[in-house]
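Below: one structure, written as structure tokens.
The values are calculated or read from the model by the stated rules, or taken from the named source; none is laboratory data. Fair warning: this is a prediction, and the values are worked out from it, not measured in the lab. Quick reminder, even Gly has a Cβ in these numbers, built from the backbone with ideal geometry, and neighbours come from all protein chains shown.
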Amino acid sequence: MKAIIVLLLAAVISGASSQHHGLPQETRTREYWIDPSTGLMWAAKDNGKDVNWHKAMKYCQKLQLGGFPNWRLATIDELRGIYDKNADSPGRDGQGASTWHAKGNLFLTGLQWSSTLRTDDRGQPDGFAWYFDFANGRRNDEDSSHFSGRFANFGKRALCVRSSGK
């Protein structure tokens, strides 16, 4: 019986590895990571290409991953919550291989849009959305209305999250 279980486990791991080249071993066997401190379920990798804020929101809303349909774009505080300056998560950027400082060994390929809009002094959204840089642990903002322009969304990605209890 143990031999059958070991063979089945090896087949699952082998199949998952062939489908997710470039992902760290920890995330090859599953499509997500659950943060033990918050219970949030994170996609094992971002969308992998430049997107504007609206497309990032849509990408996560439409994502079907791990048998779960209710993914969303993370808030700026959720993104900041998985930053760890001592973590070395493999990934890539525009220049090739790169190291990001994210918990969960997530595979990142750029700066991560958040669902959080910047607000003005009256608390009203001002048309800018926050994004997070896992290379240096800082949040930044950018005009979320940019739909065109050569560098309007350069390097911005969608990293999706969901509440694991739903």
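Determine whether segment 86-105 contains at least one residue that is surrounded by fewer than 21 Cβ atoms within 10 Å (Cβ to Cβ), at pLDDT 90 or above, within 16 Å of the chain's Cα centre (by Cα) and among the hydrophobic types (A, V, I, L, M, F, W, C). Yes; the residues of segment 86-105 include at least one that is surrounded by fewer than 21 Cβ atoms within 10 Å (Cβ to Cβ), at pLDDT 90 or above, within 16 Å of the chain's Cα centre (by Cα) and among the hydrophobic types (A, V, I, L, M, F, W, C).
For segment 28-65, the candidate set comprises residues that are over 17 Å from Tyr83 (Cα atoms) and touching a helix residue (DSSP H, G or I) at 6+ places or on another chain (Cβ under 6 Å); within that set, the residue that is modelled with the highest pLDDT is Asn47. Entry remark, segment 34-51: residues being out of contact with any Cys (no Cβ under 6 Å at 6 or more places or on another chain), surrounded by 21 or more Cβ atoms within 10 Å (Cβ to Cβ) and within 19 Å of Arg92 (Cα to Cα) number 5 in total.
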